[in-house]
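What follows is a short report on a single structure.
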């Protein structure tokens with residue numbers, strides 16, 4: 001999963017999706033993140049980034065707030081709060 005657009009900041013050399021989430025959680029205005037393991041790039045996203053949500057084989061993405069959820073793997077990980085589907089019904 002990836003979020004297209006709504007970029008706040010790109011951090012380079014980030015070791016993991018969990019570290020990317022931590023960077024996002026510590027940045028004012030960051031609601032979501034997308035992490036590319038292959039390039040070690042962490043894109044911090046505006047809270048409205050859900051509208052740019054697309055499938056991706058190269059990113060693990062999620063919300064800054066939800067540290068208790070499993071990360072999954074690149075291309076399969078969507079790290080977000082439960083019941084997210086309700087936002088799109």
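Values as computed for the structure displayed
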item	result
Near pairs, Cβ below 6 angstrom, 6+ apart or cross-chain, from the range 38-52 (under 7 Å from residue 7 (Cα atoms)) to any residue that is in a helix (DSSP H, G or I)	44/24
Counted residues, the range 1-19 - those being free of Cβ contacts under 8 Å to residues at least 40 places away in the same chain and crowded, with 22+ Cβ neighbours inside 10 Å	1
Residue list for the range 37-52, restricted to those being in contact with a helix residue (DSSP H, G or I) (Cβ under 9 Å, 6 or more places away or on another chain) and buried (at least 20 other Cβ atoms within 10 Å of the Cβ)	42, 43, 44, 45
Residue count, the range 23-35 (criterion: closer than 16 Å to residue 1 by Cβ and in contact with a helix residue (DSSP H, G or I) (Cβ under 9 Å, 6 or more places away or on another chain))	5
So residue 33, is it under 17 Å from residue 17 (Cα atoms) and modelled with pLDDT of 85 or more	yes
The lone exception for residue 54 - which of (1) at pLDDT 90 or above; (2) touching a strand residue (DSSP E or B) at 6+ places or on another chain (Cβ under 6 Å) it fails	(1)
Only one of 79, 71 that is modelled with pLDDT under 90 and crowded, with 21+ Cβ neighbours inside 10 Å	79
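Here is a yes/no grid of residues against (1) assigned to a strand (DSSP E or B); (2) within 17 Å of residue 65 (Cβ to Cβ); (3) touching a strand residue (DSSP E or B) at 6+ places or on another chain (Cβ under 9 Å):
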residue: 9; (1), (2), (3): yes, no, yes
residue: 23; (1), (2), (3): no, yes, yes
residue: 27; (1), (2), (3): no, yes, yes
residue: 35; (1), (2), (3): yes, yes, yes
residue: 38; (1), (2), (3): no, no, no
residue: 49; (1), (2), (3): no, yes, yes
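The values are calculated or read from the model by the stated rules, or taken from the named source; none is laboratory data. As the structure is a computational prediction, the values presented were derived from the model and not from experiment. As a convention, Cβ positions derive from the backbone with ideal geometry for all residues, glycine included, and neighbour counts pool all protein chains shown.
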